[in-house]
Each structure stands twice: as structure tokens, then as C-alpha cells.
Amino acid sequence: MNFENREYDVKFKELISSAFDSGRLPHAIILEGANENTRLSFAETLAKALVCSESEKRLRPCRKCQNCMKAESHSHVDIKKVEGTNKSKTVSVEDIRKVRSDAYVVPNEAERKVYIITAAHRMNETAMNAFLKVLEEPPSYVNFILECE
């Protein structure tokens, strides 16, 4: 994976790069620690790499292909950012139900669908329970990135 000009923990970059390059990246990743901006920046970089159409995995995200360019402009249809829509920015059961039903629809433009769930630590219990089934047994083309404190 290409972390060019990205400031992340060296060991973390090595671990994620190794798993990504070998095709063993888990379907769900929890990003914690650092600050929120760093976590979200990493989540977006990882999402770009997952939808990138560069054939050489170690060069992903290439930042040149159509998928990378759409991801960079936050307009890629196969990358969904799930943020709490209520006052407290809590991810609600309605938000998760939308994710759950959308996850079973095949990707539109890329080989994968990526869901970035921000502030996952604020997900209420009902939402957690609704998310459990799709998190444990997602479709083969889905990746979840859960950002939390």
C-alpha cells in the first residue's frame, strides 16, 4: 500500500501494508488512538486503496485512476461515510439499517465497497446489535473501517 506523504505510526503502516499487499486485509478495521483528523485521513487513504484500480497493490492508492480521483473528491459511490445525523452525532439504528441493506448491493464502479463509520464509539446499543450480523458475515466485497477514540 502506498502511504506516500502520509504521517502515521511506522509499525502500523508496515502492518497494514503487509496485510493489504498480501491480500489478507481483514474485512473490518478499527482505527483508534491518534487524533480524529489523523484517523479519518487514514480511513480515507485506506478506502482509496481498496477501490483503486491500479493492478499493483503496493502502489495503491495510485491517485491517478478514475476511482482514486473520485475518492479524492469524496464522490466515489462505493465509499460511504456513515456519520451520526442527530444532534449528538451518534450513529443510530436507522443509519446502520441503511448500511446493512446497501452492503448487499454489489459495488457500482469498483471491486469493493467501503464503509467508513465515524465515531463508532458513540454507536448506541440498538445500532450495535443491528450492525452485528453484517459485521460478522459481510459480503465478500465489503470492508468496514470503524473510527473511534
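The values are calculated or read from the model by the stated rules, or taken from the named source; none is laboratory data. Computed from a predicted model, the values in this text were never measured in an experiment. Ideal geometry is used to build each Cβ from the backbone, glycine not excepted, and the neighbour counts take in all protein chains shown. Quick note on the areas: whole protein, heavy atoms, side chains included, nothing else; ligands and nucleic acids left out. Shrake-Rupley method; radii C 1.70, N 1.55, O 1.52, S 1.80 Å.
The table below gives the values:
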{"read-out": "Positive-end residue of Ser22, Thr38, Val105, charge dipole of the chain with Cβ unit charges", "value": "Val105"}
{"read-out": "Long-range amide H partners of Val82 with built H, under 5 Å", "value": "Ile116, Ile117, Thr118"}
{"read-out": "Long pairs among Lys87/Lys133; Lys13/Lys89; Lys113/Lys133; Lys64/Lys98; Lys81/Lys113, criterion Cα-Cα beyond 19 Å", "value": "Lys87/Lys133; Lys13/Lys89; Lys64/Lys98"}
{"read-out": "Residue-normalised accessible area of the chain, expressed per residue, 1.4 Å probe, Å²", "value": "56"}
{"read-out": "Where only C-alpha atoms are counted, convex hull volume of the chain per residue in Å³", "value": "108"}
{"read-out": "Most mobile listed residue (Val82, Val105, Val114) in the chain, GNM with C-alpha springs under 10 Å", "value": "Val105"}
{"read-out": "Cα-projected label distance for Val77 with Ala34, points at 7 Å along beta-carbon direction, nm", "value": "3.0"}
{"read-out": "Nearest 10 degrees, 0 to 90: helix 10-21 Cα axis against the chain principal axis", "value": "90"}
{"read-out": "GNM result for the chain, Cα springs below 10 Å: residue of Glu32, Glu109, Glu137 fluctuating most strongly", "value": "Glu137"}
{"read-out": "Heavy-atom accessible surface of region 1-84: percent carbon and sulfur, 1.4 Å", "value": "47"}
